[in-house]
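Peer 1: Just passing along the structure, written as structure tokens.
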Amino acid sequence: MRIIHAIDEIRSAVAAWRREGKRVGFVPTLGGLHEGHGSLIDHSTQACDVTVVSIFLNALQFGANEDLKKYPRELDVDAAFCEERGVDVVFAPSHTEMYPREQRTFVEVEELTDGLCGAFRQGHFRGVTTVVTKLLLIVLPDVAFFGEKDGQQLAVVRRMVDDLNIPVRIAAVPTVREADGLAMSTRNRYLQPEERKDAAAVYQGLHAALEQLERGVQDPDVIKQAVRSVFAAHPRLREQYVEVVDAETLQPVTWIGGRVMVAVAVHLGATRLIDNIVFPHSQ
């Protein structure tokens, strides 16, 4: 496995693979890799001839009071993880490689970024869509793999790629969960032991919502109350939002007649967790 830091070098490597007729898979990450990332990598190595994983902690998507400073920076550990999973190249550019001067050009997706996390993390999705666009144009993969856990991000990236005619297929990979249902996340490592016990309630609340949906409940307020009833038994868990939205447009629904996403964000101590379910799941 190679570790590449320069944009020109990764472009040359991908160009060589393309001349050989190879299918290129791409997994963009911030680092701090775990089994959720491992599943993305596995999907790529199974579907593609070669796999590139980017490890780039993109400051552009972090707000002033967010956790950029404590986010893990362990390139050696992450690279070893990638090598064990059969990755061909880790692309690990520096901040100055990606942003050699002050960024004046940004990519924004309107409406889909207004609600859910976008309502609480001003500028976050502009940072995400800008860096993802840059990475896709640098690597030029055939397929890029994104996790369903970040449901809003997945929908936003899909719309961006479609609107801008970027010739990359966006493949969704199911959320990987701990034994108690907690969605795997780099931020889980921030949880204190008692907080970690309460964190299981995030998925328990979503599962309660799923049970209501499977029974045919169409009132989103009933669905949201099912989630909140579970959360209420865990006082350490502080709700930021519980929403039922259209799975494609991400707009709140007043009646459930199509495919919807039940999305939640909570705080446990200093840690923010997000999760979602989509019903029905078929895409």
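Peer 1: Kirkwood Rh over Cα pairs of the stretch 80-164 into Stokes-Einstein at 10 °C, 1.306 mPa s: D in µm²/s?
Peer 2: Values: Rh = 14.5 Å.
The calculation lands on 109 µm²/s.
Peer 1: I need to check one value: relative contact order of the stretch 122-273, counting alpha carbon pairs closer than 8 Å and at least 6 residues apart, in percent.
Peer 2: 19 percent
Peer 1: Just tell me which aspartates and glutamates come within less than 20 Å, Cα to Cα, of K197; anything on the same chain fewer than 8 places away is out.
Peer 2: K197 reaches E35, E178, D180, E239, D275.
Peer 1: If you roll a 1.4 angstrom probe over the protein chains with everything in place, what fraction of the accessible area of the stretch 56-159 belongs to carbon and sulfur, to the nearest %?
Peer 2: The value for the stretch 56-159 is 46 percent carbon and sulfur by accessible area.
Peer 1: Still on this structure, please answer the following. Hey, if you put +1 on the Cβ of every Lys and Arg and -1 on every Asp and Glu Cβ in the chain, which of L137, L273, P93 ends up farthest toward the positive end of that dipole?
Peer 2: P93
Peer 1: Between the helical axis of 220-231 and the dominant principal axis of the chain, each derived from Cα atoms, what acute angle in degrees is found, rounded to the nearest 10?
Peer 2: Here the helix axis deviates by roughly 90 degrees.
Peer 1: I need the P(r) histogram for the chain: all alpha carbon pairs, bin width 10 Å from 0 out to the longest distance, whole percents.
Peer 2: P(r) for the chain, in whole percents per bin: 6, 28, 36, 22, 7, 1.
Peer 1: What do you get when you divide the Cα radius of gyration of the stretch 133-253 by 2.2 N^0.38 Å, with N the number of residues?
Peer 2: Working it through for the stretch 133-253, the quotient is 1.25.
Peer 1: For a paramagnetic label modelled at 7 Å from the Cα of R19 toward its Cβ, which residues of the stretch 27-68 fall within the zone defined by backbone nitrogen distances under 20 Å?
Peer 2: 49-52
Peer 1: Would you list the P(r) distribution for the stretch 38-137, with all Cα-Cα distances sorted into 5 Å bins from 0 and each bin expressed as a whole %?
Peer 2: With 5 Å bins starting at 0, P(r) equals 2, 11, 18, 19, 19, 17, 11, 3, 0.
Peer 1: Once both labels are modelled 7 Å past Cα along the beta-carbon direction, what's the L164-R177 spacing in nm?
Peer 2: Here the modelled spin labels are 3.3 nm apart.
Peer 1: Right, here's the next one. Arranged from highest to lowest average of other beta-carbon atoms within 10 Å per residue, in what order do the peptides 138-144, 29-35, 150-156, 166-172 appear?
Peer 2: Output ranking for 138-144, 29-35, 150-156, 166-172: 150-156, 138-144, 29-35, 166-172.
Peer 1: If one takes the longest principal axis of the Cα atoms in the chain, at what angle in degrees, from 0 to 90 and to the nearest 10, does the Cα axis of helix 75-84 lie?
Peer 2: Between helix and principal axis, roughly 90 degrees.
Peer 1: Ok, one more. Counting only heavy atoms of protein chains, what accessible area per residue, in Å², does the chain have with a probe of 1.4 Å?
Peer 2: 48 Å²
Peer 1: What are the extents of the Cα atoms of the stretch 197-283 along their three principal axes, in Å, largest first?
Peer 2: 36, 23, 21
Peer 1: Moving on to the next point. In the stretch 203-273, carbon and sulfur make up what percent of the accessible area (probe 1.4 Å)?
Peer 2: 47 percent
Peer 1: Under a Cβ-Cβ cut-off of 9 Å, what is the net charge of the residues other than V264 that fall near it, where Lys and Arg count +1 and Asp and Glu count -1? Show your work: numbers first, answer last.
Peer 2: On the way: positive: none; negative: E239, E243, D275.
Surrounding charge for V264 is -3.
Peer 1: So if I take the alpha carbon set of the stretch 1-84, get Rg, then get Rh from the Kirkwood formula, what is the Rg over Rh ratio?
Peer 2: With Rg and the Kirkwood Rh in hand, the quotient comes to 1.01.
Peer 1: Another question, if that's okay. Report, in listed order, any pair from K22/K134; K70/K134; K134/K224 with a Cα-Cα distance greater than 27 Å.
Peer 2: Exceeds cut-off: K134/K224.
The values are calculated or read from the model by the stated rules, or taken from the named source; none is laboratory data. Just so we're clear, the structure is a prediction, and the values are computed from it rather than from any experiment. Glycine gets a Cβ as well: all are built from the backbone with ideal geometry, and neighbour counts include every protein chain shown. To get the accessible areas, we keep the full protein, side chains included, count just its heavy atoms, and leave off ligands, DNA and RNA. Shrake-Rupley method; radii C 1.70, N 1.55, O 1.52, S 1.80 Å.
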